[in-house]
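Okay, so here's the structure we're looking at.
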Amino acid sequence: MRDPHTASKIKGILFDMDGTLFSTQNLIVHCVNETSQRYLKRSLPREDSLWSFGPPARNIIRQLVASNPDRPVNEAVDYYDSLYRSNFRDMAVGFQGIPELLQGLSKSGKSLAIVTSETSVLSDYALKAFSLHDYFDALVTSDDVSKRKPDPEGIHLALKKIQLGPEDCMLVGDSAADIAAGKKAGLVTGAALWGSETWGDPRMASPDHLFSDVRELSKFFLIQSNLYRR
C-alpha cells in the first residue's frame, strides 16, 4: 500500500469501463455466441481459445469469421453490434453506487477519464444508456490505440487528454491487465473487486489499493480526501 494520504493528492481518476462501472459480460458472451451461431453454425464456449483475442468482443467476431474467407466479416460485426444494442437493457448490469460516486468525484474537482477495450460506438452507447457519459472528461477506446491493456498506451493518451501527469492520477479497474497497465504508466492503482470479470483477477498484478465494493472507493476519495484537507 502507498501513503494513506494518497486520496488527497489525486487529481484525476482513470476508470476501466466494463466490470468496473457496469457489467456487460453476460451480454457480450450472448452476442458473440449468437453471431457465431448465425455465421459459423456453432457456439463459442467460454473456454474456447478464441476468447483470448478479447475483449473487445468484435475482435473475436473478426477472428471467427476471418477463419472462413467466404464469410462476410463486416456484416457479422454489424450483426454483433445490433445484438448488443437490442439486448443491452435486459442483460447489462449497473453497479450500485457508481452514479453517486462519479457525481461526488466530479463535484470535488477530480478529472475523470475512461480507458476501455471496447469500441467508441459501443462505449458511447453503454455510457449513455446508464446516464454516465457526461461525468467523464475523456474517453479512450480500442479505436484510439494500437495496443490494448496491459500496454499503457491508452492510459498515456487519457493523461494527455485530461492534462495531468501519472503522479497525479489513479487507475481503477477490475482486471490484472488494468492494474498492470496503470503500474507501467506510473499511476497509483486500485482494484475494483466488485466487478472481477473473468479477464484476470486484479490482485494478481499487486494493486496499491483493494476496494471490495463501490462504497469503499467512495469513502477513500470523498471522505479521506476531505479529512486530509483539514
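Would you confirm whether or not the range 173-180 contains a residue that is over 22 Å from K9 (Cα atoms), buried (at least 23 other Cβ atoms within 10 Å of the Cβ) and of a type outside the set (F, W, Y)? Full working, then the answer.
Taking the range 173-180 and keeping what is over 22 Å from K9 (Cα atoms), we get 174-177.
Right, trim to buried (at least 23 other Cβ atoms within 10 Å of the Cβ) and you get 174-175.
The next check asks that each one be of a type outside the set (F, W, Y); those that pass are 174-175.
Yes, the range 173-180 has at least one match.
Would you be able to tell me the number of residues in the range 159-169 that are in contact with a Leu (Cβ under 6 Å, 6 or more places away or on another chain) and either outside any helix (DSSP H, G or I) or more than 20 Å from T6 (Cα to Cα) (or both)? Steps first, please.
Filtering the range 159-169 down to residues in contact with a Leu (Cβ under 6 Å, 6 or more places away or on another chain) leaves 166, 169.
Now drop any that are not either outside any helix (DSSP H, G or I) or more than 20 Å from T6 (Cα to Cα) (or both), which leaves 169.
Qualifying residue count, the range 159-169: 1.
How about the range 97-123: which of its residues are out of contact with any helix residue (DSSP H, G or I) (no Cβ under 6 Å at 6 or more places or on another chain), part of a loop (DSSP other than H, G, I, E, B) and either closer than 16 Å to M170 by Cα or modelled with pLDDT of 95 or more (or both)?
The answer is S108, G109, K110.
Among what's in the range 101-141 and is farther than 18 Å from L164 by Cα and among the hydroxyl-bearing types (S, T, Y), pick the residue that is surrounded by the fewest Cβ atoms within 10 Å (Cβ to Cβ).
Top of the filtered list is S131.
Determine which member of the set T20, T35 is buried (at least 18 other Cβ atoms within 10 Å of the Cβ) and assigned to a helix (DSSP H, G or I).
Details: T20 fails: assigned to a helix (DSSP H, G or I).
Selected residue: T35, the only one of T20, T35 that is buried (at least 18 other Cβ atoms within 10 Å of the Cβ) and assigned to a helix (DSSP H, G or I).
Does A177 count as modelled with pLDDT of 95 or more, among the hydrophobic types (A, V, I, L, M, F, W, C) and in contact with a Phe, Trp or Tyr (Cβ under 9 Å, 6 or more places away or on another chain)?
Working: modelled with pLDDT of 95 or more: no; among the hydrophobic types (A, V, I, L, M, F, W, C): yes; in contact with a Phe, Trp or Tyr (Cβ under 9 Å, 6 or more places away or on another chain): yes.
So A177 fails the test.
Can you confirm whether the range 86-96 contains a residue that is buried (at least 16 other Cβ atoms within 10 Å of the Cβ), at pLDDT 95 or above and in contact with a Lys or Arg (Cβ under 9 Å, 6 or more places away or on another chain)?
Initially, the range 86-96 is screened for residues buried (at least 16 other Cβ atoms within 10 Å of the Cβ), giving 87-88, 91-92, 95.
Going one step further and asking which of them are at pLDDT 95 or above, we end up with 87-88, 91-92, 95.
Add one more test, that the residue is in contact with a Lys or Arg (Cβ under 9 Å, 6 or more places away or on another chain), and what stays is none.
So far as the range 86-96 goes, no, none of its residues is buried (at least 16 other Cβ atoms within 10 Å of the Cβ), at pLDDT 95 or above and in contact with a Lys or Arg (Cβ under 9 Å, 6 or more places away or on another chain).
Restricting the search to the range 142-160, which residues are exposed (fewer than 15 other Cβ atoms within 10 Å of the Cβ) and either in contact with an Asp or Glu (Cβ under 8 Å, 6 or more places away or on another chain) or among the aromatic types (F, W, Y) (or both)? Spell out the reasoning first.
Initial filter on the range 142-160 (exposed (fewer than 15 other Cβ atoms within 10 Å of the Cβ)): 143, 146-147, 160.
Result: S146, K147.
Does A126 satisfy being among the hydrophobic types (A, V, I, L, M, F, W, C) and either in a strand (DSSP E or B) or not assigned by TED's automatic domain parsing to the domain that holds F15 (or both)?
Numbers: among the hydrophobic types (A, V, I, L, M, F, W, C): yes; either in a strand (DSSP E or B) or not assigned by TED's automatic domain parsing to the domain that holds F15 (or both): no.
When the stated conditions are applied, A126 does not pass them.
The values are calculated or read from the model by the stated rules, or taken from the named source; none is laboratory data. Because the structure is predicted, anything quoted here is derived from the model rather than measured. Glycine also receives a Cβ, built like all others from the backbone with ideal geometry; neighbour counts cover every protein chain displayed.
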